[in-house]
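These notes are about the structure you will find just below.
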Amino acid sequence: MAQDICNSKPNANVKGYPMSLDPILSAPVYLQIHVASALVAVTLGPVPMYRRRRDMVHKVLGYVWVVAMASVALSSFWIHSFAVIGPFSPLHGLALLTLWSLWRGISSARMGDIKTHLATFRALYWYGLLIAGLANFLPDRRINEIAFGGQDQLGWVVISLGAAALLARALRGRNTQVFWDIGAARKIS
């Protein structure tokens, strides 16, 4: 298998087939909105969160990120490929938590509680967005098909590595309390 990967063409998945966005482009509109919004949120998120200056650029990019995150969360309610309880899955619970976190982050900033604002949005980015993103590499998901040609074992490798990285981040104590303890954000510096 390693030899196949080394001998594959550029822009090819692990089976050697050309990588294609056809699984997304041929998907229903709600899934295309979901993917596009997630890509905006993943790429744009760190800019307002880790930029030193908190100016108009921070505010505009922050609102764009919030809209992208809300679009990701809301569009997820039309996706039922991983249903566990009726049409819903644990990812739908994460979508509800995302909407609540967006409200909490914005209201904290408006009240001047910048530590809670920062902690909420950083936790939402690192844990909410990336945990849901790792779920895309589960077997029979479109992103797994695009990246790995449906070789499920490679999806599990990505999920394992991502989970290990998130666990290591959590064990270092960065912004992990904010989801569970209302007052914890005030303790995070």
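The values are calculated or read from the model by the stated rules, or taken from the named source; none is laboratory data. Quick caveat, the model's predicted, so the values are computed rather than measured. So basically every Cβ, Gly included, is an ideal-geometry build from the backbone, and we count neighbours across all protein chains shown. Ligands, DNA and RNA are stripped out before the accessible areas are found, and what is left, the full protein with its side chains, is counted by its heavy atoms. Shrake-Rupley method; radii C 1.70, N 1.55, O 1.52, S 1.80 Å.
At q = 0.19 Å⁻¹ the log10 of I(q)/I(0) for region 124-170 amounts to -0.55, computed by Debye summation with a single uniform scatterer per C-alpha, solvent ignored. Note on region 106-171: with charges restricted to the Cβ of Lys and Arg (+1) and Asp and Glu (-1), its dipole about the Cα centre is near 320 debye. Annotation note: chymotrypsin sites (Phe, Trp or Tyr not before Pro) in region 83-162 located in DSSP loop regions with a Cβ neighbour count of at most 13 within 10 Å are absent.
Local charge for Leu21 was computed over the other residues whose Cβ lies under 14 Å away, with Lys and Arg +1 and Asp and Glu -1, and equals -1.
As I understand it, the dipole of region 41-148 uses +1 on the Cβ of Lys and Arg and -1 on the Cβ of Asp and Glu, about the Cα centre. Which of Phe137, Val47, Leu96 lies farthest toward its positive end? Going by the charge dipole, the pick is Val47.
Using R0 = 45 Å, the C-beta based FRET efficiency linking Leu25 and Arg54 works out to 0.75. Normalised per residue, the accessible area of region 81-132 is 50 Å², obtained with a 1.4 Å probe and no contribution from ligands, DNA or RNA.
Residues in region 77-97 near a label at Asp140, defined as backbone nitrogen under 17 Å from the 7 Å Cα→Cβ point? Under cut-off, by backbone N: 79-91.
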